[in-house]
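Undergrad: The following block contains the structure, expressed as structure tokens.
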């Protein structure tokens, strides 16, 4: 880890973490929520009753935590920093990540439209897309970022990430994590 910016991890612990490590921790939270979403999608496909409030909460979670918090950090902060290091936005990994972010948004919208089978298809597509996307970021893009970004750039990125979280509301992550933990227990 290059920087020593104190952060609150998705598990609520304060520790020093690089901005890339922060994104990886957020991926772990997103994967937990994907597992729950996948279960609901399978129930819909099997025509088994689904708790609609849980489904609605998860859709809101992905819109808020995955998109407005996590993807915004990548799109508004990390990707421009990588562009400044010479990684083109129009092709290569950044282009793929941006396309997949947009495809994810379309699939999340699809989870709110149509009959249960259409919703289940959107869920299945979203779960598959995000798992593959997270794997690409964790195994390709993030190691590349660790190599390309200087200590100073990573410190600036960590500060920018903190500002994104503050703009969303200082306790938003904690509320979402508590809600996710409740859903996992139920």
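Undergrad: For the range 3-24, which positions are modelled with pLDDT under 95, outside any strand (DSSP E or B) and surrounded by fewer than 17 Cβ atoms within 10 Å (Cβ to Cβ)?
TA: Listed by number, the residues that qualify are 4, 11, 12, 13.
Undergrad: Could you tell me whether residue 162 is under 25 Å from residue 89 (Cβ atoms), in a helix (DSSP H, G or I), touching a residue at least 24 places away in the same chain (Cβ under 8 Å) and out of contact with any helix residue (DSSP H, G or I) (no Cβ under 7 Å at 6 or more places or on another chain)?
TA: On the way: under 25 Å from residue 89 (Cβ atoms): yes; in a helix (DSSP H, G or I): yes; touching a residue at least 24 places away in the same chain (Cβ under 8 Å): yes; out of contact with any helix residue (DSSP H, G or I) (no Cβ under 7 Å at 6 or more places or on another chain): yes.
Yes.
Undergrad: Let me ask something else about it. So residue 67 clears everything in (1) at pLDDT below 95; (2) loosely packed, with under 15 Cβ neighbours inside 10 Å; (3) assigned to a helix (DSSP H, G or I) except one condition, right? Which one?
TA: Going through (1) at pLDDT below 95; (2) loosely packed, with under 15 Cβ neighbours inside 10 Å; (3) assigned to a helix (DSSP H, G or I) one by one, residue 67 breaks only (2).
Undergrad: Is it the case that the range 113-125 has a residue that's in a helix (DSSP H, G or I), touching a helix residue (DSSP H, G or I) at 6+ places or on another chain (Cβ under 8 Å) and under 24 Å from residue 169 (Cβ atoms)?
TA: Scanning the range 113-125, I find no residue that is in a helix (DSSP H, G or I), touching a helix residue (DSSP H, G or I) at 6+ places or on another chain (Cβ under 8 Å) and under 24 Å from residue 169 (Cβ atoms), so the answer is no.
Undergrad: Being buried (at least 20 other Cβ atoms within 10 Å of the Cβ) and more than 20 Å from residue 46 (Cα to Cα) is the filter here, so list the residues in the range 109-132 that pass it.
TA: The answer is 130, and nothing else.
Undergrad: Another one. Output the number of the condition that residue 80 fails; it satisfies all remaining conditions of (1) loosely packed, with under 13 Cβ neighbours inside 10 Å; (2) more than 17 Å from the chain's Cα centre (by Cα); (3) within 28 Å of residue 174 (Cα to Cα).
TA: Only one criterion in (1) loosely packed, with under 13 Cβ neighbours inside 10 Å; (2) more than 17 Å from the chain's Cα centre (by Cα); (3) within 28 Å of residue 174 (Cα to Cα) is unmet by residue 80, namely (1).
The values are calculated or read from the model by the stated rules, or taken from the named source; none is laboratory data. As the structure is a prediction and not an experimental result, all values here were calculated from the model. Here the Cβ is made from the backbone with ideal geometry for all residues, glycine too, and neighbour counts use every protein chain on show.
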